[in-house]
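Engineer: First the structure, then my questions, so here it is.
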Amino acid sequence: MTTEQSDAASGRAGSASQPATGDTPPVATPDVVVGGTDTAAPAGADGTGADKAGTDGRADTGGKSRRDDEAGTDNSGTDSGMTDSRAEPSRAEIANAGTDGKAKAGERDGEEPGDPWTAFGPAPDPVLTRPRRAVRAVGRFLVHEWTLAAVASLGLAVLMTWPTLRYPRYTLPQDYWDPSLQSWQLAWSGHILLTDPGQLWSSNTFFPEPWSFAFSDTLLGYAPAGMIGVGPEDALLRYNILFVLAHALATFGAYALARQLGAGRIGGAVAGASYAYAPWLLAQAGHLHILSNGGIPLALAMLARGHGWSLRHGYRPRRRHAGWAFAGWLVAAWQLSLGFGIGLPFAYLLAGVVLVSAVVWFVRRRRVKRPFGRRLFLADLLGGLVFAAVGAALAVPYFKVAELHPNAARTLGDIQLYSPPVSGFFTAPAESRIWGELHEGARAALPWHPEMTLLPGFVLYALAAGGLFFSVWRVRHRLFLLAGVLVTMSLAMGTRFLDGRFTYVPLFEHLPGWNGLRTPGRMMLWTTLLLGLLAAGALTAFCARVRELAAERVPPWPGPWLRLATLVPLLLVVVEGLNVTPHLVVPRQPAVMRTVDGPMLVLPSSQNLDQPVMLWSTDRFQRMVNGGSGFTPNSQAQAREVTVSFPDFASVDYLRRRGVKNVVVLRDRLGGTPWEGMLDRPVDGLGVTREEVGDAVVYRL
């Protein structure tokens, strides 16, 4: 035994025989000198002394070495056991020197010696300043799943709708008829709410008809955006930005719903992409009120989150949150404000959910005290009242329109005209980059292919079919989802499925407002969402299996092929949603529209010709007879018929009695219309003045 080992043994024996007191501080004994740095460990009260110190010192050195390795620090000397070239003093000398030095320092300072155990205690948490706390909070927010999901949804929307944002002030997707109408709607709602909110429903078009803003879906929920900017170019820019954002919200909303129900990230991404970029939606590129559907899955996700419910885990009371439930009702109300075209079925779905919840509460009220919780019950009550109030307030103008204009009502004949056959579920619209040309013959066999090409995607069909047999959802939940798919498909067929006697016709005849929906094929929105949830269940189970296979590897990490396999379904869904949607240049606003006052009539006039005229009026919003909507009021049809002979005594007298002061004739639009040649007619004896303004002619009555 060496001298140092004898000393250490004697120290252990002495420590074991003499109890430690508060007057004598423990003696720190170094274990080894590495690179000239002393690494010491205290002698404990249990008598382990130097042995324990040596162990602790080596552990600490090893831990430091590992930390340095992780940080990329070069510790080659330490790892190889290299020491300082200077002669190493004995352990006793170092211990005595350390003790003497500490004692002398204490005597000089007049303080008690410090406790050496503090060197081995955990470092205190640093006290962060407000800027550092803010930076840390921002960092956590930026890498949060929902932030990344929102950014990814927005980036995908920009790419999948390109070139919408290339020339957003001059072009519109698909065509410039309905998009021009909707651009005007956005501008009108923002303008009138800032200037005269009481006149919201009496728009500047269809003069002198009241409630004219309710002649079609209003997109009223976008009114805050309409408050920014003035004129046609700003109206186009606003429309194109919202067009892209609508796709992003649809992706994010469906992703959130799938995740809340229990799907994994890849499954949620497939559900989101398939819902927003299903091929059948490409035929709806000119209908912003149909594409603005992201509030539906987002509201359902919030409501499920607020009630602590998921498809995979069931009802978990501890996860209830009244705030999320109330927010879900608000999002649902906002979605309803965008239009009844897709909002009405959503409203009836929520009414059914409320009814089922009430039955559950009634059944469980004796077994479980307040099964929904008081706060959650109040959130549902208040949120449901807000939703109902918004729906009722929006419905009043439409009931007024139905009362004043019986010709606006839909008939079963209209429904039959737009009801698609079974082949429509496997036919893609012409705007599909992948299937457009291949399905040209199938589209030709459809009576009205823009509303009958209802393919949600062959990849989605395949993934959903796989989800019936291999999924994280329970079997009964898969059957419920399958039943929902079949029911919504039968509704989308309108009168084509058993003449609609047991599906669409009862809803058309008995549910208030349902007779205003003339295109049953848009029920495909719900089919697509349910198919996406089936696919999400299958992909979540597949990714779980990939993790199990990866756990058997050394190291347990999925190989590149396995990781790629989980992304292939998402890539295929996105590729199938690629489009060749045209982006047409909108006719420029004639200068006369910025100078002539209303009430006015712009000729020639028709459904399609009037929609750009509505857009051109967004500078001044002067009153005009022109307007385009889902139906033609009798007064407008009469004005068009009478003015075919304009200018003559009968037409001038009729317009004066209607309150029209100016008639604007656009030269370059007269060709091929009933008004062709009207500029050659004299105005003598009519009390009418004629003025040339650029490419237009203004008749002042």
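Engineer: Excluding Leu533 itself, what net charge comes from residues whose Cβ is under 12 Å from its Cβ, given Lys and Arg +1 and Asp and Glu -1?
Structural biologist: Value of the local net charge: +3.
Engineer: Give, rounded to the nearest 20 debye, the magnitude of the charge dipole that the stretch 312-388 has about its Cα centre when Lys and Arg contribute +1 at Cβ and Asp and Glu contribute -1 at Cβ.
Structural biologist: The calculated dipole for the stretch 312-388 is roughly 820 debye.
Engineer: Another one. So, taking all protein chains as they sit and a 1.4 Å probe, how much accessible area belongs to Glu692, in Å² rounded to tens?
Structural biologist: That residue has around 100 Å² of solvent-accessible surface.
Engineer: Moving on. Whole-Hz Karplus ³J(HN,Hα) for the stretch 679-696, in order, using 6.51 cos²θ - 1.76 cosθ + 1.60 and θ = phi - 60°, x for Gly and Pro?
Structural biologist: For the stretch 679-696, the Karplus-derived couplings read 6, 8, 7, x, 10, 4, x, 9, x, 10, 9, 10, 9, 8, 10, x, 8, 10 Hz, x marking Gly and Pro.
Engineer: Okay, next question. In the stretch 131-208, which trypsin sites (Lys or Arg not before Pro) are in a loop and have at most 11 other Cβ atoms within 10 Å, using DSSP for the loop call?
Structural biologist: For trypsin sites (Lys or Arg not before Pro) across the stretch 131-208 that sit outside H, G, I, E and B with at most 11 neighbouring Cβ atoms in 10 Å, the list reads Arg166.
Engineer: Cβ neighbours within 10 Å, averaged per peptide: list 311-318, 573-580, 591-598 in order, most packed at the top.
Structural biologist: 573-580, 591-598, 311-318
Engineer: His307's amide H: which non-local residues (gap 5+, or another chain) put their own amide H closer than 5 Å, with H modeled 1.01 Å from N in plane and none for Pro or chain starts?
Structural biologist: Amide H to amide H, under 5 Å and 5 or more residues apart or across chains, His307 pairs with His321.
Engineer: I've got another one for you. Do any trypsin sites (Lys or Arg not before Pro) in the stretch 471-576 lie in a loop, going by DSSP, with at most 10 other beta-carbon atoms within 10 Å of their beta carbon, and if so which?
Structural biologist: Taking the stretch 471-576 and a limit of 10 other Cβ atoms within 10 Å, the loop trypsin sites (Lys or Arg not before Pro) found are Arg501.
Engineer: Still on this structure, I have one more. Using mean Cβ contacts within 10 Å as the protection proxy, how do 181-193, 334-346 order, highest first?
Structural biologist: Highest to lowest by the protection proxy: 181-193, 334-346.
Engineer: What residues have an amide H closer than 5 Å to that of Leu603, excluding those fewer than 5 places away on the same chain, when H is modeled at 1.01 Å from N in the peptide plane?
Structural biologist: Excluding prolines and chain starts, which carry no amide H, the hits are Val664, Val665, Leu666.
Engineer: Still on this structure, please answer the following. Relative to the compact-globule scaling 2.2 N^0.38 Å, provide the ratio for the alpha-carbon radius of gyration of the stretch 578-636.
Structural biologist: Against the empirical 2.2 N^0.38 Å value, I get 1.30 for the stretch 578-636.
Engineer: With every protein chain present, what accessible area does Tyr461 have (1.4 Å probe, heavy atoms only), rounded to the nearest 10 Å²?
Structural biologist: Tyr461 exposes around 40 Å² with every protein chain in place.
Engineer: Here's a follow-up. Near Leu381, within a Cβ-to-Cβ distance under 13 Å, what is the net charge of the other residues, with Lys and Arg +1 and Asp and Glu -1?
Structural biologist: Local charge sum for Leu381: +1.
Engineer: Only Cα pairs under 8 Å and at least 6 apart count here; give the relative contact order of the stretch 177-244 as a rounded whole percent.
Structural biologist: 42
Engineer: How much area per residue is accessible in the stretch 264-313 when the probe is 1.4 Å and only protein heavy atoms are counted (Å²)?
Structural biologist: I get 20 Å² per residue for this part.
Engineer: Using DSSP to call loops (not H, G, I, E or B), can you name the chymotrypsin sites (Phe, Trp or Tyr not before Pro) in the stretch 374-451 whose Cβ has at most 15 other Cβ atoms within 10 angstrom?
Structural biologist: Of the chymotrypsin sites (Phe, Trp or Tyr not before Pro), the ones in loops of the stretch 374-451 whose Cβ has at most 15 other Cβ atoms within 10 Å are Trp448.
Engineer: How would you rank 620-632, 244-256, highest first, on the average number of other Cβ atoms within 10 Å across their residues?
Structural biologist: 244-256, 620-632
Engineer: Counting alpha carbon pairs within less than 8 Å and at least 6 residues apart, what relative contact order, in whole percent, applies to the stretch 547-701?
Structural biologist: Averaging sequence separation for qualifying contacts and normalising by length gives 22 percent for the stretch 547-701.
Engineer: In nanometres, what is the gap between the two model label sites at Leu165 and Asn608, each 7 Å from Cα along Cα-to-Cβ?
Structural biologist: Simple spin-label model gives 3.1 nm for this pair.
Engineer: Another one. Rounded to the nearest 10 Å², what accessible area does Arg259 show when all protein chains are kept and the probe is 1.4 Å?
Structural biologist: Taking all protein chains as shown, Arg259 has close to 60 Å².
Engineer: For the stretch 225-380, which whole-number percentage of the solvent-accessible area (1.4 Å probe, protein heavy atoms only) is attributable to carbon and sulfur atoms?
Structural biologist: Accessible surface attributable to carbon and sulfur in the stretch 225-380 totals 67 percent.
Engineer: Right, something else. Determine the per residue accessible area of the stretch 655-701 with all protein chains present and a 1.4 angstrom probe, expressed in square angstrom.
Structural biologist: Averaged over the residues of the stretch 655-701, the accessible area is 55 Å².
Engineer: Between beta-carbons, use under 15 Å as the cut-off and find the net charge around Glu431, counting Lys and Arg +1, Asp and Glu -1.
Structural biologist: That sum, taken over residues with Cβ under 15 Å, equals -4.
Engineer: Given a Förster distance of 41 angstrom, what is the FRET efficiency for Val568 paired with Ala358, based on the Cβ-Cβ distance and rounded to 0.05?
Structural biologist: 0.40
Engineer: For the stretch 402-539, what % of the accessible area comes from carbon and sulfur atoms, probe 1.4 Å?
Structural biologist: 65
The values are calculated or read from the model by the stated rules, or taken from the named source; none is laboratory data. It should be emphasised that the depicted structure is a prediction, and the values quoted were computed from it without experimental measurement. Every residue, glycine as well, gets a Cβ built from its backbone with ideal geometry; the counts of neighbours run over all protein chains shown. Protein only, heavy atoms only, side chains kept; ligands, DNA and RNA dropped before computing areas. Shrake-Rupley method; radii C 1.70, N 1.55, O 1.52, S 1.80 Å.
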